[in-house]
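One structure is given here, and the rest of the page talks about it.
Each value in this text was obtained by applying a stated rule to the coordinates, not by laboratory testing. If you're wondering where the values come from, they're calculated on a predicted model, not measured in any experiment. Because the Cβ atoms are built from the backbone with ideal geometry, glycine has one as well, and the counts that use them run over all protein chains shown.
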Amino acid sequence: MEESRIKDLVKEAIIELLTDPNIPIQEFKPHLPHTAKLLSHFTSAEYLRSTPGFDGIKGCWERGDFYDWIFGNHLTSSQANGLFAEFGVAWGTTINHMSALRPDVTFYGFDGFEGIPEPWYNNPAGSYTQNGTLPVVNKNVELVVGWFDQSLPKFTEVHGDFLREHGVSMLHVDCDIYSSTVTVLEHLGKFLRPGSIVIFDEYWNYQNWEKHEHKAWTEFCLANEVSYKFIAYTVGSVQAAVVIESVGSI
């Protein structure tokens, strides 16, 4: 039997298990989280494999390799000198890794350091809180503390001239939830241009992935006639990166 047909049959069985009211679901309840995660792997794989140029997308096994490849191939000093920003800093691990790859530019790290503002995945509001404690970051990192809808208007006003001249080089979207991702794109999406890189930390491969960063990005691109292509992803995990090819009505 063809591989694709086997996957279709498994997917159909999982959907039936989760949705059929006649199946005694209590018998399967202990296995439902694993079943739902398996289904998310199928839907994510189908989505990725349906994208143009799938064979040319870089698959990375480790997160560090993922960032190293993106910066080494798309964000070198000769390629990108616009805004570098991360949304969702938490302990500072990722922004320290990225900023070490480009010590010649300033990275702006946005976070309220009070956790996520609403439930996401299996995590309640307030998860990932740092209780207001700021992480130790590299010298070329500036932390912007506060909820995105409050900090971004001030930031774009202060840095408006730079953004209009140089645009966005890299957005690292580690917002997790839909609403926060929408806020980031609302304020900085207008500064995207061909060659800009957008890295998502929770794009797919988890339960309800279609309702958060992925949804916000898809809606933004449709509304603003933004064309992009995937350049890299982490194999079996949740990260993905795209490069902007063209912008329309931004």
How high is the FRET efficiency between Lys37 and Trp147 when r is their beta carbon distance and R₀ equals 41 Å, given to the nearest 0.05?
0.85
Ordered by residue, what ³J(HN,Hα) values in Hz, to whole numbers, does the stretch 164-173 give under the Karplus form 6.51 cos²θ - 1.76 cosθ + 1.60, where θ = phi - 60° and Gly and Pro are x?
5, 7, 10, x, 9, 8, 8, 10, 9, 9
Expressed in nm to one decimal, what extension gain is obtained for the pair Ala223 and Ser78 from 0.36 nm per residue of sequence separation less their Cα-Cα distance?
49.1 nm
Output for the stretch 172-240: GluC sites (Glu not before Pro) sitting in coil per DSSP, at most 14 other Cβ within 10 Å, listed by number, reads Glu225
Nearest-0.05 FRET efficiency for Glu157 and Leu134 at R0 = 22 Å, using Cβ-Cβ distance, is 0.45
Shape box of the stretch 189-250 [Cα atoms, principal axes, largest first, Å]
33, 21, 14
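Take the Cα pairs of the stretch 39-81, get the Kirkwood Rh, then feed it into Stokes-Einstein at 20 °C and 1.002 mPa s and tell me D in µm²/s.
Reported coefficient: 175 µm²/s.
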Quick query: amide H of Val144 versus all other amide H atoms, modeled in the peptide plane; which residues come in under 5 Å with a sequence gap of 5 or more or a different chain?
Gly109, Phe110, Asp111
Any idea how far the Cα center of the stretch 156-208 sits from the one of the stretch 218-247, in Å?
11
Output needed: percent of Cα pairs per 10 Å distance bin for the stretch 56-246, bins running from 0 to the one holding the longest distance.
9, 39, 41, 11, 0
By average C-beta atoms within 10 angstrom, highest first, the peptides 40-51, 145-156, 87-98:
87-98, 145-156, 40-51
